[in-house]
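I have placed the structure first, in the form of structure tokens, so that the comments after it can refer back to it.
The values are calculated or read from the model by the stated rules, or taken from the named source; none is laboratory data. Small disclaimer: the values here were computed from a predicted structure and weren't measured. Cβ: placed from backbone, ideal geometry, glycine included. Neighbour counts: every protein chain shown.
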Amino acid sequence: MTESHHPQKKWLPLAGLVAGCLLLVALLWRPGGGLAPTPTPYQTTFWDVFDTVTTVTGYADSQPEWDAQMDALHADLQRYHRLFDIYNAYPGLNNLYTINQNAGKGPVAVEEDILSLLTLAKEMYTQTGGKCNVAAGAVLALWHDARAAAEADPAAAALPDAKALQLAAAHTDPQNLLLDTAAGTVALADPALQLDVGSMAKGWATEMAARAAQARGLASALLNVGGNLRAIGQKPDGTAWTAGVETPWPNADGSYSLATPVVRVALQSGQSLVVSGDYQRYYTVDGKNYSHLIDPATLYPATFVSSVAVLCADSGVADALSTGLFCTDVADGLALVESLPGVEAIWLAADHTQTTSSGFAALETGG
């Protein structure tokens, strides 16, 4: 009896091993013949879009494939940078600078991308109760000029003139931003109105560039466009890309430990994490820091919290929401987020108080 069972004990494991190998070969075999290569990790950095640093981390089957994807992605981001630039003109291109220069003079023919961004901007103005307003360029320009002057000569740092801010605020009504999608034009009915899409253009461009990259076949990557994070697919091992919410509080010496996140969250494919905070772009007057995030209600930098991080399935929406929420009382902002499906957020106050939306904790990860 004992000897008669030996063949079964020897051949059953061998059969299982052969079946497993065949399954592995089937999984690795690509259509057209040949084994599918194991994806290799890559990382690429761009320095010339949206005046910030862009880093893309991801996987591809080969260096040429990755390089081709990055060249196309870079070209997309550069194009959006030119379209949404309010400081420079480009030959043969009607961009936001062109629109601002023609305020009060009539419609300007623009590309569909500008109309799409500005359409979303008007929607986000309503959704945030006016706290995210791309028509506030006249006010923001005064703060931009004051910050630039302070950077050039810190000893002469000063706040914008209060009366000038009030006068500029009278020309920030988005109803004077006229969009004609049928004709493909944008007009500013108020000659003193100026557009500034810094509150959401980077996020919108990140989203559009990510979608185009996916359509070209990029299957696994994490885009970081100046802190706007957007996930494409998952890692090859099936785990999610993770993103950290930076620590917005200064150390005793005034420096920031941005590399140490307060929390980390898992990003599903298509999800974005966008943070608005007062700890990176600011200037100092009489020992007090003034950030670039201006509350339309006061015309001065918002001081409700140190940062707000928003997670949702559209980087442009997340960017606009994070700006609007930073300029909103936390209780009101929390109510807004809870009313929006698929949106989560965390608020980090100067006293280190943390407030999270109801579903945010479920997204946190220790990875």
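Summary table below
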read-out	value
Scan of the range 142-158 for residues that are assigned to a helix (DSSP H, G or I), in contact with a helix residue (DSSP H, G or I) (Cβ under 8 Å, 6 or more places away or on another chain) and within 26 Å of A170 (Cβ to Cβ), ordered by number	L142, A149, A150
Verdict on A157 being exposed (fewer than 15 other Cβ atoms within 10 Å of the Cβ) and in contact with a strand residue (DSSP E or B) (Cβ under 6 Å, 6 or more places away or on another chain)	no
Residue list for the range 274-296, restricted to those being touching a residue at least 40 places away in the same chain (Cβ under 8 Å) and touching a Cys at 6+ places or on another chain (Cβ under 8 Å)	I294, D295, P296
Matching residues, the range 206-235, being among the hydrophobic types (A, V, I, L, M, F, W, C) and within 8 Å of the chain's Cα centre (by Cα)	V225, L229
Tally, over the range 259-288, of residues that are farther than 20 Å from G198 by Cβ and either outside any strand (DSSP E or B) or not hydroxyl-bearing (S, T, Y) (or both)	17
Sole residue being within 20 Å of A362 (Cβ to Cβ), touching a strand residue (DSSP E or B) at 6+ places or on another chain (Cβ under 7 Å) and not acidic (D, E), chosen from V262, V305	V262
All positions within the range 102-136 that are part of a loop (DSSP other than H, G, I, E, B), out of contact with any helix residue (DSSP H, G or I) (no Cβ under 9 Å at 6 or more places or on another chain) and more than 22 Å from A168 (Cβ to Cβ)	G106, P107
Subset tally (residues that are surrounded by fewer than 18 Cβ atoms within 10 Å (Cβ to Cβ) and at positive phi) for the range 284-341	2
Matching residues in the range 37-56 - criterion: being in contact (Cβ under 8 Å) with a residue 60 or more places away in the chain, assigned to a strand (DSSP E or B) and farther than 30 Å from I86 by Cβ	none
Filter pass, I99 being of a type in the set (V, I, T), over 30 Å from A335 (Cα atoms), in contact with a Leu (Cβ under 9 Å, 6 or more places away or on another chain) and assigned to a helix (DSSP H, G or I)	yes
Tally, over the range 48-74, of residues that are among the aromatic types (F, W, Y) and at pLDDT 95 or above	2
Hits in the range 178-232 (condition: β-branched (V, I, T) and either under 15 Å from L77 (Cα atoms) or assigned to a loop (DSSP other than H, G, I, E, B) (or both))	T181, V197, T206, V225
Residue pairs meeting the criteria (Cβ under 7 Å; at least 6 apart or on separate chains; first in contact (Cβ under 8 Å) with a residue 40 or more places away in the chain and of a type in the set (A, V, I, L, M), in the range 163-175; second loosely packed, with under 15 Cβ neighbours inside 10 Å and part of a helix (DSSP H, G or I))	none
Residue list for the range 73-95, filter: in a helix (DSSP H, G or I), in contact with a helix residue (DSSP H, G or I) (Cβ under 7 Å, 6 or more places away or on another chain) and among the hydrophobic types (A, V, I, L, M, F, W, C)	L73, L77, L83
The range 298-355, subset among the hydroxyl-bearing types (S, T, Y), in a helix (DSSP H, G or I) and out of contact with any Cys (no Cβ under 6 Å at 6 or more places or on another chain), residue nearest to T247 (Cα to Cα)	S322
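A quick yes/no check of all residues on (1) buried (at least 19 other Cβ atoms within 10 Å of the Cβ); (2) within 20 Å of the chain's Cα centre (by Cα); (3) within 13 Å of L188 (Cβ to Cβ):
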| site | (1), (2), (3) |
| --- | --- |
| W47 | no, yes, no |
| T57 | no, yes, no |
| I86 | yes, yes, yes |
| P91 | no, no, no |
| T119 | no, yes, no |
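Each row is one residue, and each column tells you yes or no for (1) at pLDDT below 95; (2) over 18 Å from the mean Cα position of the chain (by Cα); (3) not acidic (D, E).
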residue	(1), (2), (3)
L267	no, no, yes
D278	yes, no, no
Y300	no, yes, yes
L311	no, no, yes
